1. With θ set to phi - 60° and the Karplus curve 6.51 cos²θ - 1.76 cosθ + 1.60, what are the ³J(HN,Hα) couplings of region 120-126 in order, to the nearest whole Hz, using x for Gly and Pro?
2. Quick one: accessible surface of S100, probe radius 1.4 Å, all protein chains present, in square angstrom to the nearest 10.
3. Give, in nm to one decimal, the length gained when the segment between E106 and D14 is fully stretched (0.36 nm per residue of separation minus the Cα-Cα distance).
4. Hey, any idea what % of region 20-100's accessible area is carbon plus sulfur with a 1.4 Å probe?
5. Solvent-accessible area of L134, probe 1.4 Å, all protein chains present, reported in Å² to the nearest ten, please.
6. For the chain, what is the accessible area per residue in Å² when the probe is 1.4 Å?
7. Among (i) 16.0, 58; (ii) 17.2, 59; (iii) 18.1, 62, only one was calculated for this model; which label is it, if the read-out is Rg and Dmax of the Cα atoms in Å?
8. With everything on Cα atoms, drop me the angle between helix 13-35 and the longest principal axis of the chain, reported from 0 to 90° to the nearest 10.
Amino acid sequence: MFRRKPDLPESHRDAWWAFLDCADVIEGGRRVLLGTLPTGRVEPAPIAVGTDAVRQAIADARTWMPAWRVAEVEPEWQDCARALDEAVEGADEVDEVAASTRELEELLEACQSVIDPLDSFADAERAFRRQWRLPRERV
């Protein structure tokens, strides 16, 4: 028989909202980076605008990271912490590639070194959702 997941404990509500703040800022940085890739006829913003946005998003996310560290999602928290480091290194690689080429394929490949590690935030969200029924609105 199926059991209903328990509601997110009151003691973890702030952690959930801090996680969402982290994930939202990371997603915003990713979107800016991808928006700087040269596609179509419109001249995009310089790639450095995207890598700067990702670095700022990561810096902002780091400030919220301690607030969502709870035992039930500790492995995912650790993965996200490592992902932030990997993404910063990836942003450096993107800057190097962008300085040497405007080829979309090469830039996309370099951007993957930023984007892929940050997918760990989606994994962390799934971990929260597996554990509990989550609130839809802040109270």
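1. Residue by residue, region 120-126 yields 4, 5, 5, 5, 5, 4, 4 Hz.
2. For S100, solvent-accessible area is about 90 Å².
3. 29.1 nm
4. 53
5. Spelled out: L134, probe radius 1.4 Å, area about 30 Å².
6. Ligands and nucleic acids excluded, the result is 60 Å² per residue.
7. (ii)
8. 20
The values are calculated or read from the model by the stated rules, or taken from the named source; none is laboratory data. It should be emphasised that the depicted structure is a prediction, and the values quoted were computed from it without experimental measurement. When we count neighbours, we look across all protein chains shown, and the Cβ atoms used for this are built from the backbone with ideal geometry, even at glycine. The accessibility values were calculated without ligands, DNA or RNA, using every heavy atom of the protein model including side chains. Shrake-Rupley method; radii C 1.70, N 1.55, O 1.52, S 1.80 Å.
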